[in-house]
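Input: a single structure, listed below in structure tokens.
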Amino acid sequence: MSTIWNPERRRVLGAALGAGACAAVGGFSAAQGAAAPAWRLNRPALQWFSIPGTAGAGGSAIDAYCGMALKPATGELVIAAAGGHSDSADNGVYSLSLFDDTPRWRTRRVGSTQVQPNVLYYADGLPTSRHTYAHIHYVESRDAVLLAGCRFGFGGGTPSGPGMDLFHLGSDAWLPRFTFADITPFDGFGVVLDAGGNVWTTSGRRFLVAGNTWSRPGNGTLGRFPAALDPGRNVLFSLQFGDGQGYDPQLGVVARVIDANTGNGSAVAFENNAALSAFISAAPAYAGMDFDPLLNRFCFYHHGETGRVYTATPGAGAAWRMDLLPTVGTPAGGPPSGSGIQRRFLYVPALRGFVLLARAAADLWFLPTADLDLVFGNGFE
């Protein structure tokens, strides 16, 4: 095993990647004069640990195939309109700041008091509760959480629609309908944002936030979910097994990439190794994924193998490489229903690691992937 993964070899990761690769990554450190939250201090890399007092997901129905958004500047996790189908009609909004010493969920906005099934918007004009899957994002330019399309809204008719619904964090209010133009044409949901904060659907359509316009700039498409951004390369990557929901296993590993600068894309193949074989055997469904700029690779997590993290590293040639992080410890398991992780495995840049909301009844878990005391600019301590 390479020493880069040894949690007892402090700062080896930095030395291996080089200071230049990490210079753009912020975080808490004594050298920067910022204090990390108490729960994050003195935690070794690649060892899972729980954050006490963070269970409950704010009372939301997060287990109903729902995800969450992260506001990096404040470390806030935001859950909005989570539920849908026959699970919940609640379109309330709940948040928690990971930068607090003792993080706790709070209600930003209570749900609508009068709800109707099988509609995209309740009588008060607010968006229906829905399975948010991987379609929930933080849009920095608007300081708002975006629900990029509605899939399986509240009610037995499971309404779905193209609305781009925004909840403004500064005012704790839903912004007016059509603040962002509907997904046009409606042939996919918004699963990832590019380095410019623009929204991309599975069908390769791009929403330019500045122009409030939709287009299809290239030939690229993405899988259903999960998808994530490599901000340094401005590359969008999706990875799933079968259809990503536990069906169509004959499809095998489905991985695709889009160059967000051009919109063009292609399928991704992986080197044949033990990690890839394990991934295929696990047949993950409803997974989560995000990019770690310090590891310089995508990290993939699903509920079927509690604690195991796969990584995908872009290859110099045609094939990418899949590996396993040698993590220590076992976080909480996923929902008993099998509804998966969705967008609840997120990289937190300032804390240098991944937060996991495995299920509503469990505390949040965290996986550090680097030390907090890395010093940027002049290399590593």
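If you check A21, A38, A31, which single one turns out to be exposed (fewer than 14 other Cβ atoms within 10 Å of the Cβ) and modelled with pLDDT under 95? So that I can check it myself, show each step before the final result.
Working: A21 fails: exposed (fewer than 14 other Cβ atoms within 10 Å of the Cβ); A38 fails: modelled with pLDDT under 95.
One residue alone meets the criteria, A31.
Conditions (1) loosely packed, with under 15 Cβ neighbours inside 10 Å; (2) over 25 Å from H137 (Cβ atoms); (3) acidic (D, E), marked per residue:
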| site | (1), (2), (3) |
| --- | --- |
| F270 | no, yes, no |
| A275 | no, yes, no |
| A287 | no, no, no |
| D292 | no, no, yes |
| R297 | no, no, no |
| H302 | no, no, no |
| R308 | no, yes, no |
| T311 | no, no, no |
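Conditions (1) in contact with a Phe, Trp or Tyr (Cβ under 9 Å, 6 or more places away or on another chain); (2) in a loop (DSSP other than H, G, I, E, B); (3) farther than 15 Å from A228 by Cβ; (4) not acidic (D, E), marked per residue:
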{"position": "I258", "(1), (2), (3), (4)": "yes, no, no, yes"}
{"position": "S277", "(1), (2), (3), (4)": "no, no, yes, yes"}
{"position": "F291", "(1), (2), (3), (4)": "yes, no, no, yes"}
{"position": "L295", "(1), (2), (3), (4)": "no, yes, no, yes"}
{"position": "C299", "(1), (2), (3), (4)": "yes, no, no, yes"}
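Quick grid of which residues meet (1) part of a loop (DSSP other than H, G, I, E, B); (2) outside the structural domain of P72 (by TED's automatic domain parsing):
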| residue | (1), (2) |
| --- | --- |
| D187 | yes, no |
| R224 | yes, yes |
| G232 | yes, yes |
| D243 | yes, yes |
| S266 | no, yes |
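Would you point out which residue out of P217, P162 is closer than 21 Å to S129 by Cα and either outside any loop (DSSP other than H, G, I, E, B) or more than 19 Å from the chain's Cα centre (by Cα) (or both)?
P162
Would you be able to say whether some residue in segment 110-121 is assigned to a strand (DSSP E or B), in contact with a Gly (Cβ under 6 Å, 6 or more places away or on another chain) and of a type outside the set (S, T, N, Q)?
Here is the first cut: in segment 110-121, the residues assigned to a strand (DSSP E or B) are 121.
From what is left, the residues that are in contact with a Gly (Cβ under 6 Å, 6 or more places away or on another chain) are none.
So far as segment 110-121 goes, no, none of its residues is assigned to a strand (DSSP E or B), in contact with a Gly (Cβ under 6 Å, 6 or more places away or on another chain) and of a type outside the set (S, T, N, Q).
Has segment 292-313 got any residue that is more than 28 Å from A269 (Cα to Cα), outside the structural domain of M68 (by TED's automatic domain parsing), of a type outside the set (D, E) and at pLDDT 95 or above?
Looking for residues that are more than 28 Å from A269 (Cα to Cα), outside the structural domain of M68 (by TED's automatic domain parsing), of a type outside the set (D, E) and at pLDDT 95 or above, one finds none in segment 292-313, hence no.
The values are calculated or read from the model by the stated rules, or taken from the named source; none is laboratory data. On a predicted model such as this, the values are computed, not experimentally measured, just so you know. So basically every Cβ, Gly included, is an ideal-geometry build from the backbone, and we count neighbours across all protein chains shown.
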